[in-house]
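Working notes, beginning with the structure itself.
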Amino acid sequence: MLLGSRLDACLAEDAAAVGAPAARILAAVAAAAAAIAATIARDGPDGGEALAAAARRHLGAALRDAAVAAVAWRDREAPEPGAPGAPLALALTALEGADALADNMPAGTIFALRPAAGPGPGAAFLAPGRVQVAAGFAAYGPRTLLALTGGAGVRIFALDPREDAFRLVRDGVRLPAESPRYAIDAAQGRHWEAPVRAFAEDCARGADGPRGRDFAHAWCGSLVAGAQRILSRGGLHVCPADARRGRAEGHVRLVHEAAPLALLMEAAGGAATDGRGTPVLDLSPAGLHGRTPFAFGSAGEVDCLAKYHDGRRHAAGRSPLFAPRGLLRA
């Protein structure tokens, strides 16, 4: 149980669990997140690549003295070597979903700490996500939120711009086992595998479908926005594999996006899988930029999707909405 409401007090207490080096790195990331939020507020949400570049600069400056063994940036081909002998490496997405800011939706920074291991700076990032020491995201929207986990619980902080400090707003976040909310990019329905189409059709049919519940659908292309919504209300966010070129194995980066968010979901009592039942945290990356299908959120909803893949539920093709000649045909 945390006694303080300020982020620095929380990290000081967390140091006993995740270690002092991890707490220092997390504090540096939080400081960078505050600077990124200030840049977005000053320059506006339409900066796109300029905002992403500013986010990388803020993070690089904040991490300069944080003793990180290596940093694997999402948009760089190879990890960047850091402090020799440092115990931890950092996977970092500087600004995910930047285009969503122009639509008044959150974008964010996603990060995860891993034990430094093996020869060279890249070895730390090729182990399954289960080895992660801590993970989280900063969401930049109407207010700046910071979600953190050391694997044993999830805490959410909000940035107080008057004091330039993060304050604890939710401790011990727990997801409901079931929630009638789901998010999936329905515009791509004609490309999905049959089990995913069947699942989406049943959700669209609501109380008239086999699941017997009315479902609310809300899609945003930003993973951070989806994760923030899940931690607030529960539900399910799905990024399936599909038939488009290069997406047969999914499109979410395993090391930089799926594994950090999966650690948060499991720590909050939820689940995160490849959509077919395999936990994301058990997946071994094929490479630094390997990808995966991704489903995360309330455990009961994640499991329900998996049932469509293993044959427990499967009846695709009933709805014209997702049929090859349906409403969403290119």
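The values are calculated or read from the model by the stated rules, or taken from the named source; none is laboratory data. Nothing here was measured: the structure is a model prediction, and the numbers come from that model. Glycine also receives a Cβ, built like all others from the backbone with ideal geometry; neighbour counts cover every protein chain displayed.
Restricting attention to the stretch 78-98 and to residues that are part of a loop (DSSP other than H, G, I, E, B) and touching a residue at least 24 places away in the same chain (Cβ under 8 Å), the residue that is surrounded by the fewest Cβ atoms within 10 Å (Cβ to Cβ) turns out to be ALA78. For the stretch 227-234, indicate whether the set of residues that are out of contact with any Phe, Trp or Tyr (no Cβ under 7 Å at 6 or more places or on another chain), modelled with pLDDT under 95 and closer than 22 Å to ARG130 by Cβ is non-empty. No: zero hits. Comparison of GLY189, GLY221, GLY136 shows that the only residue that is assigned by TED's automatic domain parsing to the domain that holds LEU261, under 15 Å from the mean Cα position of the chain (by Cα) and either of a type outside the set (Phe, Trp, Tyr) or surrounded by 23 or more Cβ atoms within 10 Å (Cβ to Cβ) (or both) is GLY221.
Here ALA9, ALA17, ALA53 are screened, and the one residue that is surrounded by fewer than 16 Cβ atoms within 10 Å (Cβ to Cβ) and either touching a Pro at 6+ places or on another chain (Cβ under 6 Å) or at pLDDT 90 or above (or both) is ALA53. Look at (1) over 18 Å from the mean Cα position of the chain (by Cα); (2) part of a loop (DSSP other than H, G, I, E, B); (3) under 19 Å from ALA138 (Cβ atoms) and you find that ALA34 fails only one, number (2). Looking at LEU59, LEU101, LEU51, just one residue is outside any loop (DSSP other than H, G, I, E, B) and within 17 Å of the chain's Cα centre (by Cα), and that residue is LEU101. When each of LEU281, LEU264 is tested for being crowded, with 24+ Cβ neighbours inside 10 Å and at pLDDT 95 or above, the lone residue that passes is LEU264.
In the stretch 101-121, the residues that are modelled with pLDDT of 80 or more form no Cβ pair under 7 Å with any partner that is of a type in the set (Lys, Arg), whether six or more places apart or across chains.
Among the residues of the stretch 150-168, none qualifies, meaning not one is part of a loop (DSSP other than H, G, I, E, B), touching a helix residue (DSSP H, G or I) at 6+ places or on another chain (Cβ under 6 Å), of a type in the set (Val, Ile, Thr) and within 26 Å of PRO279 (Cβ to Cβ).
In the set ALA165, ALA158, ALA198, ALA183, only one residue is buried (at least 19 other Cβ atoms within 10 Å of the Cβ) and touching a strand residue (DSSP E or B) at 6+ places or on another chain (Cβ under 8 Å); that residue is ALA183.
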